[in-house]
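One structure below.
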Amino acid sequence: MRTLKTEYPLHLMLVPGLIVTLIYAYGPMAGLVMAFQQFEPLSGFFHSKFIGLDNFRYVFELPDFKQVLWNTILISVFKMMLFLLVPLILALLLNEVTKRWFSRIIQSAIFLPFFLSWTVLGGVIIELFALNGPINGLIAALHIKPIMFMLDNQWFRGIIVASDVWKGMGYNMIVMLAAITGINATLYEAAEVDGAGRWKQMLHITLPGMAPILILLGVLSLGGILNAGFEQILILYNPTVYAGADVIDTFVYRLGMFSQQFGPAAAVGLFKSVISLVLVSLTYYAAYKYNNYRIF
C-alpha cells in the first residue's frame with residue numbers, strides 16, 4: 001500500500017491506454033462467436049443458429065484455402081529473412097563510414113519510407129511498375145519486351161516482398177546500429193594491435209557482438225509468420241494475382257466483406273489467431289531460454 005500511494009500517478013497514466021485496449025482489442029473478441037454460428041446480421045449473436053465446427057470444415061475444404069495458406073507462409077518467410085539480412089548488411093556498411101555527416105544523411109534517407117503509409121507508397125509502386133511506367137521504360141530502352149509486373153503472380157510476389165523490406169528496413173537497421181555501438185571499443189583496439197583488419201574485426205567482433213540482438217529479432221519475428229502484410233497487399237493486388245498473392249488476412253476480408261460469409265470469415269480469423277498465439281508463446285519462451293529475454 002505504501003508503494004501504491006507513491007506510484008499511483010503512474011498507474012493513473014495507464015488508465016487511458018487500458019480503456020482503449022479493452023474497447024478496441026478485447027471488446028471485438030466477442031465477435032469470435034460467429035465462427036461457431038450460421039451468423040445472420042439481423043438475428044445477431046444471440047439468435048443466430050449454433051453450428052459448431054461446420055464453418056471450420058467448410059473453410060478448410062475450400063479449394064483456395066491451401067493456396068492462401070501457402071502464399072501467407074511463403075511471403076512471410078521471405079520477408080522475415082530479408083528483414084534481418086538487408087538491415088544487417090546496411091548497418092555493417094554504415095558502421096564503416098568515417099564521415100558522420102554522410103552516415104546521418106544515409107540513415108535518414110533509408111529510414112524515411114518507414115514513416116510513409118502504404119496508401120502513399122502503394123500509389124508510387126503501382127506507377128513505377130505500370131506497363132508504361134519508368135521501370136518498363138528502362139526495359140524498353142534495352143530492347144526487351146515490357147513486363148506486366150502487377151499482373152504476373154511470380155513478379156508480384158517479389159514486388160510485395162521487396163517493397164515491404166524497403167519500407168521497413170530502416171527501423172531494424174537503427175536497432176542493429178545501436179547494437180554495434182554497444183560493443184566495447186577496446187575489443188577493436190586490441191584486435192587492431194594484433195594486426196586484424198576491418199574485415200576480420202567485423203567477423204570476429206562486430207557480428208558476435210550483434211548475435212544476441214540478431215537472435216532476438218529472428219526468434220520474435222517467428223510469431224508473426226502468418227502476418228504477411230494485409231494493408232500492403234490489399235492496396236497493391238488485383239484479381240489477376242489472387243493465386244500468388246492472396247494471404248489469410250485478405251482472404252478473410254474478401255470472404256466477410258464481399259461474400260457476406262461472416263461465419264467462415266470469423267473461423268479463418270480465429271484459426272490464424274490461435275496459430276499466432278501458439279507461435280508467439282513458443283518464440284517468447286525460446287527468447288527467454290536462449291537469450292534471457294523477458295517482457296516482465
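General observations
- Every helix of 4 or more DSSP H residues in the chain counts as -39500 (n - 2.57), and over all residues that averages to -21000 deg cm²/dmol at 222 nm.
- Using the Cβ-Cβ distance between residue 175 and residue 101 with R0 = 22 Å, the FRET efficiency computed as 1/(1 + (r/R0)^6) comes to roughly 0.50.
- Highest-MSF residue in the chain out of 151, 94, 14 [GNM, Cα springs under 10 Å]: 14
- Prolate/oblate/rounded label for the range 196-296 (Cα gyration tensor, a/c 1.5): oblate
- Degrees separating the helix 262-291 axis from the principal Cα axis of the chain, which is the longest one: 30 degrees
- Local electrostatic count, residue 198, Cβ distance below 15 Å [Lys/Arg +1, Asp/Glu -1]: -3
- Accessible area of the range 120-259 belonging to carbon and sulfur atoms, whole % at 1.4 Å probe: 68 percent
- Total formal charge among the other residues, if their Cβ is under 15 angstrom from that of residue 254, Lys/Arg +1 and Asp/Glu -1: -3
- Interchain or long-range residues, amide H under 5 Å from residue 37's placed H: 51
- Residue pairs, from the table 49/272; 99/200; 49/79; 145/272, whose Cα atoms sit over 30 Å apart: 49/79; 145/272
- Accessible surface, the chain, averaged per residue in Å² (probe 1.4 Å): 62 Å²
- With a 1.4 Å probe rolled over the protein heavy atoms of all chains, the accessible area of 96, 61, 189 falls in the order 61, 189, 96, largest first.
- Cα-projected label distance for residue 196 with residue 64, points at 7 Å along beta-carbon direction, nm: 5.5 nm
- Among 284, 8, 188, the sequence by solvent-accessible area, most first, with a 1.4 Å probe is 8, 284, 188.
- Each principal axis of the Cα atoms in the range 1-151 has its own extent, and those three values, largest first, are 64, 59, 26 angstrom.
- P(r) tail fraction, the range 1-77 - alpha-carbon pairs more than 16 Å apart, %: 72 percent
- Acute angle (nearest 10 degrees) that the helix 118-128 long axis makes with the longest principal axis of the chain, alpha-carbon atoms: 80 degrees
- Built from the Cα atoms of the chain, the convex hull projects on average onto 23.7 nm², one quarter of its surface area.
- The accessible area of residue 155, taken with all protein chains in place and a 1.4 Å probe, comes to roughly 120 Å².
- Peptides 157-167, 137-147, 177-187, 230-240 ranked from most to least packed, by the mean per-residue count of other Cβ atoms within 10 Å: 157-167, 230-240, 177-187, 137-147.
- For the range 86-134, the equivalent ellipsoid built from the Cα gyration tensor has semi-axes of 29, 12, 10 Å, listed from largest to smallest.
- The angle between the Cα long axis of helix 65-95 and the longest principal axis of the Cα atoms of the chain comes to about 20 degrees, rounded to the nearest 10.
The values are calculated or read from the model by the stated rules, or taken from the named source; none is laboratory data. For clarity, every value in this text was computed on a predicted model and none was experimentally measured. Note that each Cβ is placed from the backbone with ideal geometry, even for glycine, and that neighbours are counted across all protein chains shown. For the accessible areas, the whole protein counts, side chains as well, though only heavy atoms, and no ligand, DNA or RNA atoms are used. Shrake-Rupley method; radii C 1.70, N 1.55, O 1.52, S 1.80 Å.
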